[in-house]
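> A single structure is presented below for examination.
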Amino acid sequence: MSIFVDGTNRVVVQGITGRDGSFHTRQMMAYGTRVVAGVTPGKGGRGFEGPDGTVVPVYDTVADAVAETAADASVVYVPPAFAASAIMEAADAGVAFIVCVTEGIPVLDMVRAHALARDRGSRVLGPNCPGIICPGKTTMGIIPGRMVTPGPVGLISRSGTLTYEAVYHLTRGGLGQTTCVGIGGDPLIGTSFVDCLAAFAEDPDTEAVVMIGEIGGTAEQEAAAWVSANLDVPVVGFIAGRTAPPGKRMGHAGAIISGSAGTAAEKTRAFEENGIRVARRPVEIAGLVAESLR
Amino acid sequence: MNLHEYQAKELFREAGMAVNPGEVAGNPEQARALAERFGGSAVIKAQVHSGGRGKAGGVKLAHSPEEAARHASGILGMEINGLVVGEVLVCPIEDIATEAYVGVLVDRDGQCPVFMVSAEGGVDIEEVAATNPEAIHRMRIDPRYGLLPHQAYGLAARLYDDPGLVRQAARITQQLYEVFVGNGASMAEINPLISTVQGRVLAIDAKMSIDDNELFRRPAVAALRDAGSEASADTQARSAGLSFVKLDGNVGCCVNGAGLAMATMDLVKYYGGEPANFLDIGGSSNPDKVVAALEIITSDPEVKVILFNIFGGITRCDDVARGIVEAVDRIGIEVPLVIRLTGTNEELARNILAEAGLTAVATMDEVVEQAVRLAR
């Protein structure tokens with residue numbers, strides 16, 4: 001099984017006519033994702049040609065796309081100035097699962113977008129995330145399909161390219177995946193480590209979980225505590241940024257709210273104290289997973 | 001982007017906030033004149049993007065114009081946390097009765113702005129937070145309604161008993177929220193917020209950081225950037241849309257994605273090397289970005305080798321390969337290049353590199369080991 005999405009989702013792509021949107025829509029369609037509509041304001045009525053010649057209708061608004069095609073999931077490839085509003089538009093149109101790939105969205109825009117999505121009952125993945133892939137079934141976002149393969153490992157990561165790095169080694173090591181989720185590198189994200197862990201806990205096919213964190217915030221600590229209290233399958237972790245220099249910090253507000261919790265050392269300790277084995281290099285992740293499955 | 005104290009205070013004043021007077025001086029003579037105008041005595045404060053200015057000796061009290069000039073000449077040019085002080089802010093000395101703390105920032109957990117206030121403000125506020133957290137009161141703000149009047153009053157009532165002081169502090173708290181939201185800040189802080197012996201509440205210090213993602217739509221705020229306070233490589237990186245941090249090692253790193261970039265630096269250390277920089281070329285890269293990245297990395301004379309670690313997703317490996325080839329042609333790179341390219345359009349990229357006589361390895365460990373060896 002997979003988490004959050006399966007092969008049945010009807011996907012609308014917001015920003016389908018842009019450089020990245022069109023490229024990755026074709027990639028998604030080639031992988032088997034059911035892209036049923038595209039949205040680009042001002043380009044409604046056109047068609048978008050998929051890799052096998054299938055034509056996807058383009059609409060001016062998400063509401064139109066949902067009304068015409070019953071889309072229930074969306075991928076946002078809209079530039080940062082308009083991305084938060086694209087997320088809110090999708091949530092308002094009743095789209096239940098919204099993946100936002102866009103990087104560089106103003107944080108205060110996302111404060112509003114997340115609040116609205118919560119009110120409408122929509123799940124947002126990201127922003128600034130590579131998306132989600134269920135090997136062999138469907139992909140939403142930009143994770144290259146050819147590096148994944150079906151299998152028993154669930155993967156959650158804050159980083160895009162580091163996700164690929166880990167998956168690449170898992171796949172090469174013969175360890176396939178149930179679902180790989182990139183939750184995004186922004187300070188405010190819609191789907192947390194804990195949300196993903198809870199979903200993996202309900203998935204009988206997921207026999208081990210890989211969690212890839214990085215410096216900043218306290219999401220890894222919360223996830224570690226959740227793992228030790230609730231999760232029966234083994235978890236392997238990795239934390240990026242051990243050698244990152246402390247930033248030149250202004251003001252006390254950041255330190256007051258999180259103290260030294262954001263460092264790689266603190267996160268690694270939280271993982272280890274809660275029974276999560278931590279890889280020192282990305283290449284070691286697959287080995288630790290293999291051991292934990294034995 | 002961090003603002004200087006005097007810049008943040010200017011934004012505070014525009015919002016109508018009670019802020020102590022003060023003007024910037026770039027030399028001791030100006031500081032002397034300002035102190036004279038303020039009645040002879042003044043406080044001289046280093047304008048630098050760093051905390052702990054007071055503890056570093058960057059804030060001094062002067063009791064005569066001559067002393068003001070002397071302190072200004074000591075502070076100007078001083079280095080605080082690696083940053084050179086180019087200007088001082090000269091302010092009149094206030095009769096301080098109490099010092100409080102008021103700050104607002106975006107809370108990751110609550111996904112909303114959060115206020116933090118404490119009656120125990122001043123230079124030791126972080127110690128208060130660590131040792132006596134109950135002395136700091138927090139309040140999350142619902143972004144749909146903003147800071148409501150009763151909430152501002154409630155925060156202010158944590159700072160003072162006297163109703164007159166509470167009313168003044170509530171206004172300031174409200175104004176701080178307006179400045180925070182209205183300028184796309186990620187943090188705005190008053191420390192200390194003072195009450196004077198005469199019964200006034202005043203912001204006598206100000207710190208603000210602006211969310212870099214806001215700058216494209218706020219030209220007036222973007223214009224406050226103090227380009228003189230950053231290295232030219234930083235300016236160059238920013239205008240090219242690259243995320244760059246200079247470090248002390250000799251292995252130049254060019255990576256796509258912040259997580260992979262950090263993991264690459266960690267791996268350079270693991271193999272016994274020292275990274276010369278953090279550089280994330282970001283997603284959706286075009287060849288020009290890669291050229292800019294190489295120009296920045298090669299401008300550091302310490303760099304002995306440049307390593308590319310590219311895992312293509314939204315970044316297409318062929319774009320990066322074209323950028324590398326173009327940069328080699330255009331700027332002529334004298335140090336060895338070691339390249340790892342995997343992912344989207346990888347084959348295309350390998351062909352482009354091969355035509356230019358360059359090769360790429362397949363794994364991150366290989367490329368980092370190679371780079372560390374070449375840097376020795």
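The values are calculated or read from the model by the stated rules, or taken from the named source; none is laboratory data. Keep in mind the model is a prediction, meaning the values are calculated, not measured. Note that each Cβ is placed from the backbone with ideal geometry, even for glycine, and that neighbours are counted across all protein chains shown.
> Of the residues that sit in segment A:36-63 and are in contact with a Gly (Cβ under 7 Å, 6 or more places away or on another chain) and either of a type outside the set (Val, Ile, Thr) or closer than 13 Å to A:Val13 by Cβ (or both), which one is surrounded by the fewest Cβ atoms within 10 Å (Cβ to Cβ)?
A:Asp60
> In segment B:335-358, what count of residues is obtained for those that are at pLDDT 90 or above, in a loop (DSSP other than H, G, I, E, B) and on the phi < 0 side of the Ramachandran plot?
Residues in segment B:335-358 being at pLDDT 90 or above, in a loop (DSSP other than H, G, I, E, B) and on the phi < 0 side of the Ramachandran plot: 4 in total.
> Only one residue in A:Ala270, A:Ala225, A:Ala219 is more than 7 Å from every other protein chain (Cβ to nearest Cβ), at pLDDT 90 or above, more than 20 Å from the chain's Cα centre (by Cα) and buried (at least 19 other Cβ atoms within 10 Å of the Cβ), so which one is that?
A:Ala270
> Of all residues in segment B:207-235 being closer than 29 Å to B:Val90 by Cβ, surrounded by fewer than 16 Cβ atoms within 10 Å (Cβ to Cβ) and of a type in the set (A, V, I, L, M, F, W, C), which is farthest from the other protein chains (Cβ to nearest Cβ)?
B:Ala223
> Moving to a separate point now. Quickly run through segment B:64-91 and pick out the residues that are among the small types (Gly, Ala, Ser) and surrounded by 15 or more Cβ atoms within 10 Å (Cβ to Cβ). Let's see the steps before the verdict.
Looking only at segment B:64-91, we keep the residues that are among the small types (Gly, Ala, Ser), and these are B:64, B:68-69, B:72-74, B:77, B:82, B:86.
Listed by number, the residues that qualify are B:Ala68, B:Ala69, B:Ala72, B:Ser73, B:Gly74, B:Gly86.
> Further question: If you take the residues of segment A:150-177 that are over 30 Å from A:Ala115 (Cα atoms) and assigned to a strand (DSSP E or B), which of them is nearest to the other protein chains (Cβ to nearest Cβ)?
A:Gln177
> I'd like the full set of residues that are hydroxyl-bearing (Ser, Thr, Tyr) and either facing chain B (nearest Cβ under 8 Å) or outside any helix (DSSP H, G or I) (or both), limited to segment A:228-248.
Of everything in segment A:228-248, just one residue is hydroxyl-bearing (Ser, Thr, Tyr) and either facing chain B (nearest Cβ under 8 Å) or outside any helix (DSSP H, G or I) (or both), namely A:Thr243.
> Only one residue in B:Ser243, B:Ser284, B:Ser195 is touching a Leu at 6+ places or on another chain (Cβ under 9 Å), modelled with pLDDT under 90 and not assigned by TED's automatic domain parsing to the domain that holds B:Val48, so which one is that?
Values: B:Ser284 fails: touching a Leu at 6+ places or on another chain (Cβ under 9 Å); B:Ser195 fails: modelled with pLDDT under 90.
Being touching a Leu at 6+ places or on another chain (Cβ under 9 Å), modelled with pLDDT under 90 and not assigned by TED's automatic domain parsing to the domain that holds B:Val48 holds for just one of B:Ser243, B:Ser284, B:Ser195, which is B:Ser243.
> Shifting gears a bit: Tell me, please, whether a residue that is at pLDDT 95 or above, part of a strand (DSSP E or B) and of a type outside the set (S, T, N, Q) can be found in segment B:80-88.
yes
> Let me ask you something else. Does B:Gln175 satisfy being in contact with a Gly (Cβ under 9 Å, 6 or more places away or on another chain), over 15 Å from B:Met1 (Cα atoms) and at pLDDT 95 or above?
Judged against the criteria, B:Gln175 is a match.
> If you check B:Gly241, B:Gly252, which single one turns out to be buried (at least 22 other Cβ atoms within 10 Å of the Cβ) and outside any helix (DSSP H, G or I)?
B:Gly252
> Continuing with this model, one more query. Take segment B:1-45 and flag every residue that is among the acidic types (Asp, Glu) and not in a helix (DSSP H, G or I).
Scanning segment B:1-45 gives a single hit, B:Glu23.
> Please go through segment A:105-142 and give me each residue that is at the interface with chain B (Cβ under 10 Å from one of its Cβ atoms) and part of a strand (DSSP E or B), ordered by number.
Hits for segment A:105-142 are A:Gly131, A:Gly141.
Condition check ((1) within 13 Å of chain A (Cβ to nearest Cβ); (2) modelled with pLDDT under 95) across all residues:
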site: B:Gly110; (1), (2): yes, yes
site: B:Gln151; (1), (2): no, no
site: B:Ala156; (1), (2): no, no
site: B:Leu165; (1), (2): no, no
site: B:Asn183; (1), (2): yes, no
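> All but one of (1) over 13 Å from the mean Cα position of the chain (by Cα); (2) part of a helix (DSSP H, G or I); (3) more than 13 Å from every other protein chain (Cβ to nearest Cβ) hold for A:Cys196; which doesn't?
All conditions pass for A:Cys196, except number (1).
> Let me ask you something else. Let me confirm something: among B:Gly122, B:Gly110, which residue is in contact (Cβ under 8 Å) with a residue 60 or more places away in the chain, over 18 Å from B:Leu11 (Cβ atoms) and part of a loop (DSSP other than H, G, I, E, B)?
Residue meeting the stated conditions: B:Gly122.
Each row is one residue, and each column tells you yes or no for (1) within 14 Å of chain A (Cβ to nearest Cβ); (2) closer than 23 Å to A:Arg26 by Cβ; (3) touching a Pro at 6+ places or on another chain (Cβ under 9 Å).
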residue: B:Val291; (1), (2), (3): no, no, no
residue: B:Ile297; (1), (2), (3): no, no, no
residue: B:Glu302; (1), (2), (3): no, no, no
residue: B:Asn309; (1), (2), (3): yes, no, no
residue: B:Thr315; (1), (2), (3): yes, yes, no
residue: B:Val320; (1), (2), (3): yes, yes, yes
residue: B:Leu341; (1), (2), (3): yes, yes, no
residue: B:Leu348; (1), (2), (3): yes, yes, no
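> Here's something else I'd like to know. Residues B:Leu34, B:Leu11: which one is away from chain A (no Cβ under 14 Å), surrounded by 18 or more Cβ atoms within 10 Å (Cβ to Cβ), within 21 Å of the chain's Cα centre (by Cα) and at pLDDT 95 or above? Don't jump to the end; show me each part of the working.
On the way: B:Leu34 fails: within 21 Å of the chain's Cα centre (by Cα).
From the options B:Leu34, B:Leu11, the qualifying one is B:Leu11.
> Of the numbered conditions (1) at negative phi; (2) assigned to a loop (DSSP other than H, G, I, E, B); (3) exposed (fewer than 14 other Cβ atoms within 10 Å of the Cβ); (4) in the same structural domain as B:Gly40 (by TED's automatic domain parsing), B:Leu61 fails exactly one; give the number of that condition.
Among (1) at negative phi; (2) assigned to a loop (DSSP other than H, G, I, E, B); (3) exposed (fewer than 14 other Cβ atoms within 10 Å of the Cβ); (4) in the same structural domain as B:Gly40 (by TED's automatic domain parsing), B:Leu61 violates only (2).
> Another question, then. Only residues that are small (Gly, Ala, Ser), in a loop (DSSP other than H, G, I, E, B) and in contact with an Asp or Glu (Cβ under 8 Å, 6 or more places away or on another chain): list them for segment A:16-44, please.
Restricting attention to segment A:16-44, the residues satisfying the condition of being small (Gly, Ala, Ser) are A:18, A:21-22, A:30, A:32, A:37-38, A:42, A:44.
Still in the list and also in a loop (DSSP other than H, G, I, E, B): A:18, A:32, A:42, A:44.
A:Gly42, A:Gly44 - these are the residues of segment A:16-44 that are small (Gly, Ala, Ser), in a loop (DSSP other than H, G, I, E, B) and in contact with an Asp or Glu (Cβ under 8 Å, 6 or more places away or on another chain).
> Residue under question is B:Val268, and the condition is that it be of a type outside the set (Gly, Ala, Ser) and closer than 30 Å to A:Val148 by Cα; does it hold?
When the stated conditions are applied, B:Val268 passes them.
> Has segment B:198-206 got any residue that is touching a residue at least 60 places away in the same chain (Cβ under 8 Å), under 14 Å from B:Leu11 (Cα atoms) and within 13 Å of another protein chain (Cβ to nearest Cβ)?
Within segment B:198-206, one or more residues are touching a residue at least 60 places away in the same chain (Cβ under 8 Å), under 14 Å from B:Leu11 (Cα atoms) and within 13 Å of another protein chain (Cβ to nearest Cβ).
> Among the residues of segment A:77-99, write down those that are in a strand (DSSP E or B) and either more than 13 Å from chain B (Cβ to nearest Cβ) or over 18 Å from the mean Cα position of the chain (by Cα) (or both).
Across segment A:77-99, the qualifying residues are A:Phe97, A:Ile98.
> Checking B:Arg144 against (1) at pLDDT 90 or above; (2) closer than 19 Å to A:Leu116 by Cβ; (3) touching a Leu at 6+ places or on another chain (Cβ under 9 Å); (4) in a loop (DSSP other than H, G, I, E, B): exactly one of these is not met. Which one?
For B:Arg144, the failing item is (1).
> From A:Ser2, A:Ser74, grab the single residue that is outside the structural domain of A:Ala201 (by TED's automatic domain parsing), outside any helix (DSSP H, G or I), of a type in the set (S, T, N, Q) and at pLDDT 95 or above.
On inspection, the qualifying residue turns out to be A:Ser74.
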